[in-house]
Amino acid sequence: MGKNSAVKTLGRRIGNVVLHSLLVKHTNKPEFTHHLQSEEDEYRNSAIRESKEYHWNEKDKIELKAQALNFIKSKKEQKYQDVNFSIEKTIKLVEEEIKSLFGVST
């Protein structure tokens, strides 16, 4: 897989981590909390593995952030319209996730 494709894949993976984290906190169906947490952990483990495949420069990290935010927005509109969370919180969590993967913020 080329680096451009890896950026898209990792961006979606980061988006899934953050989305599931937000869903755990804001779900209207608490019976799904354990499942959502398990998926969040699995997506995070995959993101960690994928983040080690390439050297990521600042431009890549900015693109990862954009990919993650676009993914979250799309999924929220498609599947989770009944769950409310702020864009500011979403951006903060994406930035924190990228920082945890690479040790720097975007």
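The values are calculated or read from the model by the stated rules, or taken from the named source; none is laboratory data. Model, not experiment: these values are computed from the prediction. With ideal geometry, Cβ positions are generated from the backbone for all residues, glycine too; neighbour counts draw on all protein chains shown.
Numbers below:
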{"quantity": "Meets criteria (loosely packed, with under 15 Cβ neighbours inside 10 Å, among the charged types (D, E, K, R) and closer than 15 Å to V7 by Cα) for K65", "calculated": "no"}
{"quantity": "Which numbered condition E63 misses (of (1) in contact (Cβ under 8 Å) with a residue 60 or more places away in the chain; (2) over 15 Å from N16 (Cβ atoms); (3) not hydroxyl-bearing (S, T, Y))", "calculated": "(1)"}
{"quantity": "Qualifying residue in region 19-37 (condition: within 15 Å of L101 (Cα to Cα), at pLDDT 95 or above and either hydrophobic (A, V, I, L, M, F, W, C) or in contact with a helix residue (DSSP H, G or I) (Cβ under 6 Å, 6 or more places away or on another chain) (or both))", "calculated": "no"}
{"quantity": "Residue in region 71-79 that is without any contact (Cβ under 8 Å) to a residue 24 or more places away in the chain, within 14 Å of the chain's Cα centre (by Cα), surrounded by fewer than 19 Cβ atoms within 10 Å (Cβ to Cβ) and on the phi < 0 side of the Ramachandran plot present", "calculated": "yes"}
{"quantity": "Subset of region 7-54 (residues that are within 20 Å of K73 (Cα to Cα) and of a type in the set (A, V, I, L, M, F, W, C))", "calculated": "V7, L10, I14, V17, V18, L19, L22, L23, V24, L36, A47"}
{"quantity": "Hey, E95 assigned to a helix (DSSP H, G or I), without any contact (Cβ under 8 Å) to a residue 60 or more places away in the chain, surrounded by 14 or more Cβ atoms within 10 Å (Cβ to Cβ) and among the acidic types (D, E) or not", "calculated": "yes"}
{"quantity": "Residues (farther than 15 Å from S100 by Cα and surrounded by fewer than 13 Cβ atoms within 10 Å (Cβ to Cβ)) located in region 38-54", "calculated": "S38, E53"}
{"quantity": "Some residue of region 36-45 being over 20 Å from N4 (Cβ atoms), part of a helix (DSSP H, G or I) and among the basic types (K, R)", "calculated": "yes"}
